[in-house]
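The structure appears below as structure tokens.
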Amino acid sequence: MPADPGLAELAPDQRLRRLELTVTRRLDGLLHGQYRGLLPGPGSEPAGSREYRPGEDEVRRMDWAVTARTTVPHVREVDADRELTTWLLVDASPSMEFGTAELDKRELSVAAVAAVGFLTAGVGNRLGAHLLVPSGLRRFPARSGRTHLLGLLRALLAAPRTGGYDEETAPLAPPDLADALAAVHRVANRRGLVVVVSDFLDGLPDDPDEPPPWERTLRRLAVRHQVLAVEVTDPRELELPDVGLVTLVDPETGRRREVCTSDRGLRDRYAAAAAAQRDQVRQALRRSGATHLPLRTDRDWCADIVRHVQAQRRLAVAPAGPVRGGGA
């Protein structure tokens, strides 16, 4: 069951209150409301040292020079521990206007943004965003504070649901995820956290061996930043129900096609193709160095986030080889 049944039917301010309560009650207590709780991992900008905190700090971050000089255990402190700048890229293109469960993909993306925003809203932390809509790219400067976060969430909820096709004029050019990622790369000058919320279907090539156009830019972001890729899907994108003759519409181009879902062979081929497509996205995200968090409209997104963070924590403390920059 989704975490917030009926969320889509609430008024915008009610949705925001529900989301804030959900995050602070269900997630904040488990994840401590801190950057290292959301995405564990070391920062990278040196910012002096501080005393070691048993049970909280990693031994590999010990500052042995300061420890030897003061005879008190110290760890290296980094800017990410003290002040975090998070940049969000939220896909609100026509393919996100779909949902057959309690939430549609757009609503689920807003819930994901709320989780990131409230969990990283520490003192001095800043949040900026780029919103990808059919008309182009909306930019929100990085600022701190709850008021700024709520304003950003209101803008996401109010983003027009116009679709990507105008039958009376001409097809509208769908937003380009690769260009939007490049825009984030230009403004994210200081090392921090970049969160991309999308279905990652934009420009996905038919050839599974060919990388999608957004992979290279995502890899460039992951070299300098910790990157979290939140993949949003709906169950009907993965398999067709047996409901007879239906008309399928591509929301990006307006193309229509009638299919008979009573054909078991057709449903099997659709499910196989959908599974291959999602695997193609997973492989591209893995190659780019981003941390992958899949969310579905028919699942409890809070529970999925908690499971993801717990798994990342286990990876962070498990014995491993050299830690790679940009990972999480």
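For the structure I just gave you, tell me whether R161 is open to solvent by 20 Å² or more (accessible area, probe 1.4 Å), at pLDDT 90 or above and either closer than 27 Å to L27 by Cβ or not aromatic (F, W, Y) (or both).
Working: open to solvent by 20 Å² or more (accessible area, probe 1.4 Å): yes; at pLDDT 90 or above: no; either closer than 27 Å to L27 by Cβ or not aromatic (F, W, Y) (or both): yes.
The answer is no for R161.
Any idea which of (1) farther than 20 Å from V227 by Cβ; (2) without any contact (Cβ under 8 Å) to a residue 24 or more places away in the chain is the one Q310 doesn't satisfy?
(1)
Would you mention how many residues in segment 87-102 are buried (at least 20 other Cβ atoms within 10 Å of the Cβ) and more than 22 Å from L248 (Cβ to Cβ)?
Summing the residues that are buried (at least 20 other Cβ atoms within 10 Å of the Cβ) and more than 22 Å from L248 (Cβ to Cβ) in segment 87-102 gives 4.
Per-residue answers, yes or no, for (1) modelled with pLDDT under 55; (2) open to solvent by 20 Å² or more (accessible area, probe 1.4 Å):
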| position | (1), (2) |
| --- | --- |
| A3 | yes, yes |
| L10 | no, yes |
| R36 | yes, yes |
| R50 | no, yes |
| R60 | no, yes |
| T85 | no, no |
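Is it the case that segment 192-212 has a residue that's farther than 23 Å from R139 by Cβ, without any contact (Cβ under 8 Å) to a residue 60 or more places away in the chain and touching a Cys at 6+ places or on another chain (Cβ under 9 Å)?
The answer is no; no qualifying residue exists.
Give the residue that is nearest to F118 (Cα to Cα), with candidates limited to residues of segment 164-201 that are open to solvent by 10 Å² or more (accessible area, probe 1.4 Å), at pLDDT 90 or above and of a type in the set (A, V, I, L, M). Reasoning before the result, please.
Applying the first criterion (open to solvent by 10 Å² or more (accessible area, probe 1.4 Å)) to segment 164-201 yields 165-176, 178-179, 182, 185-187, 189-191, 201.
Those still in the list that are at pLDDT 90 or above too: 178-179, 182, 185-187, 201.
This time we only want the ones that are of a type in the set (A, V, I, L, M), so: 178, 182, 187, 201.
Working: A178: 27, A182: 26, V187: 22, L201: 27 Å.
The extreme case among them is V187.
Being under 23 Å from R186 (Cα atoms), surrounded by 12 or more Cβ atoms within 10 Å (Cβ to Cβ) and of a type outside the set (S, T, N, Q) narrows it down to one residue among L238, L228, L204; which is it? Give the derivation first.
Numbers: L238 fails: under 23 Å from R186 (Cα atoms); L204 fails: under 23 Å from R186 (Cα atoms).
Answer to the selection: L228.
Give the residue, chosen from S109, S93, S135, that is in contact with a helix residue (DSSP H, G or I) (Cβ under 7 Å, 6 or more places away or on another chain), touching a residue at least 12 places away in the same chain (Cβ under 8 Å) and within 22 Å of G203 (Cβ to Cβ). Steps first, answer last, please.
On the way: S93 fails: in contact with a helix residue (DSSP H, G or I) (Cβ under 7 Å, 6 or more places away or on another chain); S135 fails: in contact with a helix residue (DSSP H, G or I) (Cβ under 7 Å, 6 or more places away or on another chain).
Result: S109 is the single residue among S109, S93, S135 that is in contact with a helix residue (DSSP H, G or I) (Cβ under 7 Å, 6 or more places away or on another chain), touching a residue at least 12 places away in the same chain (Cβ under 8 Å) and within 22 Å of G203 (Cβ to Cβ).
Suppose the filter is open to solvent by less than 30 Å² (accessible area, probe 1.4 Å), over 30 Å from the mean Cα position of the chain (by Cα) and farther than 20 Å from D207 by Cβ; does T291 pass it?
On the way: open to solvent by less than 30 Å² (accessible area, probe 1.4 Å): yes; over 30 Å from the mean Cα position of the chain (by Cα): no; farther than 20 Å from D207 by Cβ: yes.
Criteria not met by T291.
The values are calculated or read from the model by the stated rules, or taken from the named source; none is laboratory data. No experiment lies behind these values; they were computed from the predicted model shown. As a convention, Cβ positions derive from the backbone with ideal geometry for all residues, glycine included, and neighbour counts pool all protein chains shown. All accessible areas refer to the heavy atoms of the entire protein, side chains included, with ligands and DNA or RNA removed. Shrake-Rupley method; radii C 1.70, N 1.55, O 1.52, S 1.80 Å.
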